[in-house]
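A.B. asks: Quick one: structure below, then a few questions.
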Amino acid sequence: MPNILTDLIEHQALRYGDRTALSYPTNGEWLPISWQDFNIEVQSASRALAALGVKEQENIATFSGNRPQMLVTDFAAFSNRAVPISIYSTSTPEQVKYIVEDASIRTIFVGDQKQYAVARKVQTMTSMLKNIIIFGDVIKDSSDVSSIHYNEFIETGKTSIDEFSKIVEQRRSRATADDIAAIIYTSGTTGEPKGAVLPHSCFNAALRIHKERLNTLSDSDSSMSFLPLSHIFERAWTYFCLYLGIQVFVNYDPHVIQASVRQTKPTCMCSVPRFWEKVYAVVEDKMGKMNPLRKLIINTALKVGKKRNLHYKRLGKKAPFYLEIAYSFFDKIAFTPLKRVIGIDRGRFFPTAGAPLSPKIVEFLHSCGINIIIGYGLSETTATVTCYPNVGWELGTVGTVLPRIQVKIGDNNEILVKGPSVMRGYYNKPEATAEAFTEDGYFRTGDAGYINKSGALVLTERIKDLFKTSNGKYIAPQALESRLGEDLLIEQVALIGDGRKFVSALIVPSYDALKEYAEANNIAYDSIENLVLDSRINDMMMERIEKLQSDLAGFERIKKITLLPQPFSMENGEVTNTLKVKRPVVTAHYADAIDKMYT
């Protein structure tokens with residue numbers, strides 16, 4: 001069989017049998033699903049898809065928060081040579097309708113009541129969508145006579161063994177590496193979403209490349225899946241974990257991720273920088289409240305951890321005996337308790353990507369013995385292009401290029417990528433596909449950067465985000481926005497300044513932290529709207545920002561801020577499904593507030 005994913009679960013069931021493949025939360029407990037049971041359900045779902053009339057290379061959709069059933073559906077689709085398309089669980093009816101019509105989707109699997117309601121609405125907006133299969137405990141509309149629950153769907157596959165097993169086997173035998181495995185719709189910060197077409201050959205290559213590069217991982221590890229499986233980062237990582245035989249904990253609710261991590265204690269977890277920014281901000285805040293002796297102990301521990309982990313371990317060198325003794329001591333009294341609070345005291349490997357993470361935070365985490373692996377990739381490249389190597393990684397970079405991937409720097413310092421894991425093109429968009437590739441076949445990432453002397457990639461900015469002040473100075477907003485993410489009081493930021501005299505910022509504070517500050521400093525308020533307008537709050541916030549940007553050139557610094565009483569939201573179209581700020585939309589929505597900062 002040419003495709004790893006097509007037969008992966010069956011092969012792993014033969015190898016691991018009753019060993020746990022997946023775990024999921026129910027009433028405070030994590031229930032296991034063995035490889036054998038996982039495989040049986042995939043086979044039943046495969047027959048059920050065939051019984052439903054799903055054709056080879058037909059697109060189907062999953063529209064749900066993370067659930068084991070999403071993975072069952074994916075692998076059942078692969079058995080039928082069908083194409084599973086994951087839609088973000090927070091998508092609006094208009095966004096779902098766009099993907100349904102663009103990809104000609106007849107069948108959609110939904111998670112909870114909210115996603116079911118959206119899918120039902122989409123059925124009134126387009127004649128394309130025919131079948132809804134429901135994962136969760138959902139109450140169907142009284143007029144709904146066509147939707148079925150997932151258990152009914154699986155039962156169809158269990159009772160149609162003779163009739164549809166042969167069809168599925170024939171389809172599997174015809175599978176080729178050119179078959180489409182996934183269409184990943186990009187978030188679209190500046191335009192409508194585009195579907196990156198990833199054939200099985202992309203996943204075949206990506207899985208083998210990652211196994212070669214990430215060679216410290218094994219089937220004795222466990223991973224927490226909490227980023228959306230609709231995002232290429234979590235999806236590709238979870239496939240990779242299953243490929244290695246790693247147990248995957250499937251977290252249902254991202255809001256309870258900290259409790260889930262503490263309960264399960266995974267050794268691995270891919271995450272976005274915001275997770276670690278919050279960890280750092282909380283630790284910094286607690287250190288600020290410590291007595292002098294405790295603060296001295298923690299600072300000494302961090303110095304020892306930095307010397308041992310960055311000056312020796314990072315470079316593959318053996319640390320001196322006295323340093324190992326000191327590190328062991330501080331690990332017991334400071335680092336292990338910190339990791340235990342987070343739930344990562346068994347943690348070994350934490351891939352992090354999706355946005356810049358401040359080198360200051362990366363240094364802090366590694367000093368504590370938290371092995372953050374910074375990487376860089378895109379939907380169009382089947383996730384990873386570069387990541388930290390085991391030895392010799394460098395702060396401020398996104399690591400070195402993976403095996404068999406080629407990276408070069410093009411016009412405007414644009415990062416260009418070629419390799420077996422790069423997409424075929426954008427679905428139904430020949431013009432966008434042509435624009436996305438150079439004449440010699442390199443994919444244009446839209447990101448700017450450079451390769452340093454040691455061969456590591458350094459990101460500088462997202463080219464479309466780059467703006468120029470009226471004084472002719474170029475500003476890369478992402479780097480400064482990531483710095484501000486270090487602060488416990490700051491939740492979201494949008495830098496402003498294109499064509500303006502100086503840089504300003506719209507800031508969504510952490511409202512809970514802001515209330516706590518106000519109460520501690522006897523600042524009265526009767527609403528969030530009132531609180532963010534208080535001059536004392538604004539002065540305090542500006543002081544904190546000044547410290548974070550103290551080493552920047554004058555033209556790069558934020559001169560004025562506006563604190564907002566409500567967050568940027570997907571409902572208002574201000575952030576993407578991956579929570580990236582849509583700067584043009586935010587600029588339009590807050591035009592009056594922005595103009596006020598420049599009058």
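A.B. asks: Can you tell me the accessible area per residue over the range 402-458, all protein chains present, probe 1.4 angstrom, in square angstrom?
C.D. replies: That works out to 52 Å² for each residue.
A.B. asks: Determine, for each peptide in 146-153, 271-278, the mean count of other beta carbons within 10 angstrom over its residues, then list the peptides with the highest first.
C.D. replies: 271-278, 146-153
A.B. asks: Express in nm, to one decimal, how much length is gained between residue 519 and residue 297 on full extension, taking 0.36 nm for each residue of separation and deducting their alpha carbon distance.
C.D. replies: Result for the pair: 77.0 nm of gain on full extension.
A.B. asks: Can you list residues whose amide H is under 5 Å from residue 383's amide H, if they're 5+ apart or on another chain and H is modeled 1.01 Å from N?
C.D. replies: Distant-sequence amide H within range of residue 383: 378.
A.B. asks: Then there's this: Under the Karplus relation 6.51 cos²θ - 1.76 cosθ + 1.60, θ = phi - 60°, what is the ordered set of whole-Hz ³J(HN,Hα) values for the range 504-521, x standing for Gly and Pro?
C.D. replies: Result, ordered by residue: 10, 8, 8, 10, 9, x, 6, 5, 5, 5, 5, 4, 4, 5, 4, 5, 5, 10 Hz.
A.B. asks: Quick one: work out the % antiparallel among DSSP beta bridges in the chain, nearest 5.
C.D. replies: 60 percent
A.B. asks: While we're here: Quick check on packing: order 323-329, 468-474, 455-461, 484-490 by the mean number of other C-beta atoms within 10 Å, highest mean leading. It would help to have the intermediate numbers written out before the result.
C.D. replies: Working: 323-329: 14.7, 468-474: 12.1, 455-461: 18.6, 484-490: 22.9.
My ranking of the peptides, most packed first, is 484-490, 455-461, 323-329, 468-474.
A.B. asks: Further question on the same structure: Starting at the first residue of the range 417-428, write each ³J(HN,Hα) from the Karplus equation 6.51 cos²θ - 1.76 cosθ + 1.60 with θ = phi - 60°, in whole Hz, x for Gly and Pro.
C.D. replies: 10, 9, x, x, 9, 7, 4, 6, x, 8, 4, 6
A.B. asks: A further question on this structure: For Cα pairs less than 8 Å apart in space and 6+ apart in sequence, what is the mean separation divided by the residue count of the chain, i.e. the relative contact order in percent?
C.D. replies: Averaging sequence separation for qualifying contacts and normalising by length gives 11 percent for the chain.
A.B. asks: Write down the Å³ per residue value for the convex hull defined by the alpha carbon atoms of the range 32-135.
C.D. replies: Output value, Cα hull per residue: 82 Å³.
A.B. asks: Express the accessible area of the range 233-277 per residue in Å², computed with a 1.4 Å probe while the remaining protein chains stay in the model.
C.D. replies: For the range 233-277, the solvent-accessible area averages 29 Å² per residue.
A.B. asks: How big is the convex hull of the Cα atoms of the range 500-571, per residue, in Å³? Before the final figure, lay out the partial values.
C.D. replies: Numbers: hull volume 8.2 nm³, N = 72.
Roughly 114 Å³ of hull volume per residue.
A.B. asks: Considering amide H positions built from the backbone, and no H for Pro or chain starts, which residues 5 or more places from residue 447, or on another chain, come under 5 Å of its amide H?
C.D. replies: Correct list: 415, 463.
A.B. asks: How big is the convex hull of the Cα atoms of the range 362-491, per residue, in Å³?
C.D. replies: 163 Å³
A.B. asks: Here's another thing I want to ask about it. List the residues whose amide H sits under 5 Å from the amide H of residue 134, counting only those 5 or more places along or on another chain, with H placed 1.01 Å from N in the peptide plane.
C.D. replies: 110, 148, 149, 150
A.B. asks: Here's something else I'd like to know. My understanding is that a pair violates if its Cα-Cα distance is over 23 Å; which of 97/140; 501/596; 97/130; 408/473; 286/360 do that in this structure?
C.D. replies: Check vs 23 Å cut-off fails for 408/473.
A.B. asks: Roughly how compact is the chain, stated as its Cα Rg over 2.2 N^0.38 Å to two decimals?
C.D. replies: With N residues counted in the chain, Rg over 2.2 N^0.38 Å equals 0.99.
A.B. asks: Normalized C-alpha radius of gyration of the range 93-153, against 2.2 N^0.38 Å?
C.D. replies: That works out to 1.02 for the range 93-153.
A.B. asks: Further, regarding this structure: In units of 2.2 N^0.38 Å, what is the alpha-carbon radius of gyration of the range 244-322?
C.D. replies: Normalised Cα radius of gyration, the range 244-322: 1.46.
A.B. asks: So, one more: Rg/Rh for the range 213-252 to two decimals, with Rh computed the Kirkwood way over all alpha-carbon pairs. Write down the numbers at each step before the final one.
C.D. replies: Details: Rg = 9.9 Å, Rh = 10.3 Å.
Ratio of gyration radius to Kirkwood radius for the range 213-252: 0.96.
A.B. asks: How far apart, in nanometres, would the label points at residue 114 and residue 428 be if each is projected 7 angstrom from Cα along the Cα-to-Cβ direction?
C.D. replies: Rounded to a tenth, the inter-label distance reads 2.6 nm.
A.B. asks: Also: I'd like the FRET efficiency for residue 143 and residue 51, computed as 1/(1 + (r/R0)^6) with the beta carbon distance as r and R0 of 25 Å, rounded to 0.05.
C.D. replies: The pair residue 143/residue 51 has a calculated efficiency of 0.50.
A.B. asks: Tell me the carbon and sulfur percent of the accessible area for the chain, rounded to whole percent, probe radius 1.4 Å.
C.D. replies: Values: 13390 of 26060 Å².
Exposed carbon and sulfur together represent 51 percent of the surface.
A.B. asks: Taking every alpha carbon pair in the range 1-81, what does the distance histogram look like in 5 angstrom bins from 0, in percent?
C.D. replies: Final binned percentages: 3, 15, 23, 24, 19, 11, 5, 1, 0.
A.B. asks: Obtain the nm distance between the two label points defined at residue 287 and residue 94 by a simple spin-label model: each point lies 7 Å from its Cα along the Cα-to-C-beta direction.
C.D. replies: In this crude spin-label approximation the distance works out to 4.5 nm.
A.B. asks: HN-Hα J couplings of the range 573-586 from phi, Karplus 6.51/-1.76/1.60, θ = phi - 60°, integer Hz, Gly and Pro as x?
C.D. replies: x, 8, 9, 7, 5, 9, 6, 7, 6, 8, 4, x, 5, 4
A.B. asks: Kirkwood Rh, the range 237-286, all Cα pairs: how many Å?
C.D. replies: By the Kirkwood definition, the hydrodynamic radius is 12.5 Å.
A.B. asks: Label-point separation (nm) for residue 126 and residue 440, each offset 7 Å from Cα along Cα-to-Cβ?
C.D. replies: Those two pseudo-labels are separated by 3.9 nm.
A.B. asks: Sorted by accessible area with a 1.4 angstrom probe, largest first, how do 128, 542 fall?
C.D. replies: In descending accessible area the options line up as 128, 542.
A.B. asks: Once the Cβ-Cβ distance between residue 215 and residue 321 is put in as r, and R0 is 25 Å, what FRET efficiency do you end up with, to the nearest 0.05? Could the numbers behind the result be given before it?
C.D. replies: On the way: r = 28 Å, r/R0 = 1.13.
Efficiency computed from Cβ-Cβ geometry: 0.30.
A.B. asks: While we're looking at this one, here's another question. Work out the FRET efficiency for residue 37 and residue 345 from their Cβ-Cβ distance, taking R0 = 30 Å, and round it to the nearest 0.05. Could you put the intermediate results ahead of the total?
C.D. replies: On the way: r = 30 Å, r/R0 = 0.99.
Efficiency at R0 = 30 Å is approximately 0.50.
A.B. asks: Continuing with the same structure: Tally the DSSP beta bridges in the range 447-599 and give the antiparallel ones as a percent, rounded to 5.
C.D. replies: Details: 14 of 19 bridges.
Within the range 447-599, antiparallel bridges account for around 75 percent of the total.
A.B. asks: Counting only heavy atoms of protein chains, what accessible area per residue, in Å², does the range 1-153 have with a probe of 1.4 Å?
C.D. replies: 38 Å²
The values are calculated or read from the model by the stated rules, or taken from the named source; none is laboratory data. Nothing here was measured: the structure is a model prediction, and the numbers come from that model. Cβ: placed from backbone, ideal geometry, glycine included. Neighbour counts: every protein chain shown. These area figures cover heavy atoms from the full protein model, side chains too; ligands, DNA and RNA do not enter into them. Shrake-Rupley method; radii C 1.70, N 1.55, O 1.52, S 1.80 Å.
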